[in-house]
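Asker: Next up is a structure, given as structure tokens.
The values are calculated or read from the model by the stated rules, or taken from the named source; none is laboratory data. From a predicted model like this one, the values you see are computed outputs, not experimental measurements. Note that we place each Cβ from the backbone using ideal geometry, even for glycine, and neighbour counts take in every protein chain shown. Accessible surface areas use protein heavy atoms only, side chains included; no ligands, DNA or RNA. Shrake-Rupley method; radii C 1.70, N 1.55, O 1.52, S 1.80 Å.
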Amino acid sequence: MHQLFIDLKKAYDSITSEVLYNILIGSGITMKLLRIIKLCLTESYCRVWVGKNLSNMFPIRNGLKQGDALLPLLFNFALEYAIRWVQVNQDGLKLTGTHQLLVYADDVNVLGGSVRTIQENADALVVAGGQIGLEVNADKSSTWSCLEIRILGEIVV
């Protein structure tokens, strides 16, 4: 079994509101709920402390606000959209018959029976993620392989 651990670069900050709105509409979110979400995401301003000075207010135009209760749910909608675009390879590793991508927050684990399969699925994920503003953080991504040894039909390693 081979694995590729992918870390997404500034994942919560990279998704634009318009892309997110389109994903939510495509996921069946009602216009009434979408308007409420838009109210939470638009007209957002921030101030930061620099030393002992508080900056002027500036608008937040991209990304999801850190600490917002909606953040995990909205990010999951966006990431789910990207994952659905990944064509699952027939040659890939299947868990419970279907899964080849394991995802938690902004970390993705691509599983496969060969390096080629992992490369194809990872490439598809990079393209799909790029469509919504997500980028792979190559410095925090890594591969791992497991050597399977069978003795009398039983897996020991």
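Asker: Residues of region 15-41 being within 13 Å of ILE60 (Cβ to Cβ) and part of a helix (DSSP H, G or I), which ones?
Answerer: Listed by number, the residues that qualify are SER17, CYS40, LEU41.
Asker: Further, regarding this structure: So is ILE15 under 30 Å from GLY113 (Cβ atoms), at pLDDT 75 or above and buried (at least 18 other Cβ atoms within 10 Å of the Cβ) or not?
Answerer: Judged against the criteria, ILE15 is not a match.
Asker: Shifting gears a bit: Just one of (1) part of a loop (DSSP other than H, G, I, E, B); (2) modelled with pLDDT of 75 or more trips up LYS65, so point out which.
Answerer: (2)
Asker: Looking at region 80-100, which of its residues are open to solvent by less than 30 Å² (accessible area, probe 1.4 Å) and at pLDDT 75 or above?
Answerer: Residue satisfying the conditions is ALA82 alone.
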